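The values are calculated or read from the model by the stated rules, or taken from the named source; none is laboratory data. Predicted model, so just to flag it, every value in this text is computed and none were measured. For neighbour counting, all protein chains shown are included, and Cβ atoms are generated from backbone atoms with ideal geometry for every residue, glycine included. Surface accessibility is based on the protein's heavy atoms, side chains included, excluding ligands, DNA and RNA. Shrake-Rupley method; radii C 1.70, N 1.55, O 1.52, S 1.80 Å.
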Amino acid sequence: ASMAQNIKRPDSYNYQRGVEAMQNGNTEESLEFFNKDLQENPKNGYSYAWIAIIRMYEEEYGPALSAAEMALKLIPKKDVEWLAVVFSTRTDVYLNLEDTVSAIADLTSAIRCTPNDANIYEKRAQIYYEQEKYDLSDADYKKMIEIDKGETMGYMGLGRNANAQERWTDAIKQFDYVAKLASDYSQPYTFRAESYIGLEKW
């Protein structure tokens, strides 16, 4: 966060109003403000970033990609937090377009920007899991745990990957640990039941 202090983020009237509208959940209104802002400040990459986010939620993938492209060109290179947001948003667009190659490339770029954001690793681990690239998926889940020892999703992911490979005992170890970390969280029990069924321990 120390880097963010010397980055001048936009404070134009329409931009501010756009952000407020977003915070109040008025996406249509915010879109108008961000477009107005771009008429006055065509180089404001942050307005493009917000437009990409809105278009993504509206499932307008073409406009979302175009806006993300502009945002990546115009947002200052040192504002890594916002660049990561744009990469992550464009990832969602690519996933909806079933372009996992581009999605993984964007997540890798996002990780380069903000290497300590566990959410980005989780997203990439999920794609690897779906592609049955369990070693790559495991590496991302381990990275999440490295970032935050109390992060249950990292252990859950490792357990789920182990289940998928019928490494039932390894899986149970992970789920047992999650159950200790977060006793009120029901998911490990469901997944662990699957491991026990795998071991034919009814």
*asked:* Could you derive backbone 3J(HN,Hα) for region 170-181 from the dihedral phi with the Karplus parameters 6.51, -1.76 and 1.60 (θ = phi - 60°), listing whole Hz in sequence and x where the residue is Gly or Pro?
replied: 4, 4, 4, 4, 5, 5, 4, 5, 4, 4, 6, 5
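What number comes out for accessible area per residue over the chain if the probe is 1.4 Å? Units Å², please.
Values: 11080 Å² over 202 residues.
I get 55 Å² per residue for the chain.
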*Taking the alpha-carbon set of the chain, what are its Rg and Dmax in Å?*
20.1, 67
_Nearest-20 debye value, the chain charge dipole, Cβ charges on Lys, Arg, Asp, Glu_ = 700
*Average Cα contact separation per residue, region 115-200, under 8 Å, 6 or more apart, as relative contact order %*: 22
*According to a simple spin-label model (label point 7 Å from Cα along Cα-to-Cβ), what is the distance in nm between Glu132 and Asn116?*
3.8
*Pop out the Kirkwood hydrodynamic radius of region 100-161 from its pairwise C-alpha distances, inverse of mean 1/r, in Å to one decimal.*
11.3
*asked:* For Glu69, what accessible surface area do you get with a 1.4 Å probe? Give it in Å², rounded to 10.
replied: 80
_If DNA, RNA and ligands are ignored and the probe is 1.4 Å, what is the ranking of Ile197, Ile145 by accessible area, most exposed first?_
Ile197, Ile145
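Arrange the residues Leu199, Leu83, Leu97 by how much accessible surface each exposes, largest first, with a 1.4 angstrom probe. Working shown, then result.
Details: Leu199 60, Leu83 10, Leu97 85 Å².
Correct descending sequence by accessible area is Leu97, Leu199, Leu83.
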_Dipole-positive endmost among Asn161, Ile111, Tyr61 within the chain (Cβ charges, Cα centre)_ = Ile111
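Could you order Tyr57, Tyr129, Tyr177, Tyr94 so the one with the most accessible surface comes first? Probe is 1.4 Å.
The ranking, largest first, comes out as Tyr57, Tyr177, Tyr129, Tyr94.
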*Round to a whole number: what % of the accessible area of the chain belongs to carbon and sulfur, probe 1.4 Å?*
50
*Please express the Cα-Cα pair-distance distribution P(r) of region 1-63 as a list of whole percents, one per 5 Å bin, running from 0 to the bin with the greatest distance.*
4, 20, 27, 22, 16, 8, 3
*Given a 1.4 Å probe and the protein chains all in place, what does the accessible area of Asp148 round to, in Å² to the nearest 10?*
70
*Taking a probe of 1.4 angstrom, what is the accessible area of Leu65 in Å², to the nearest 10?*
40
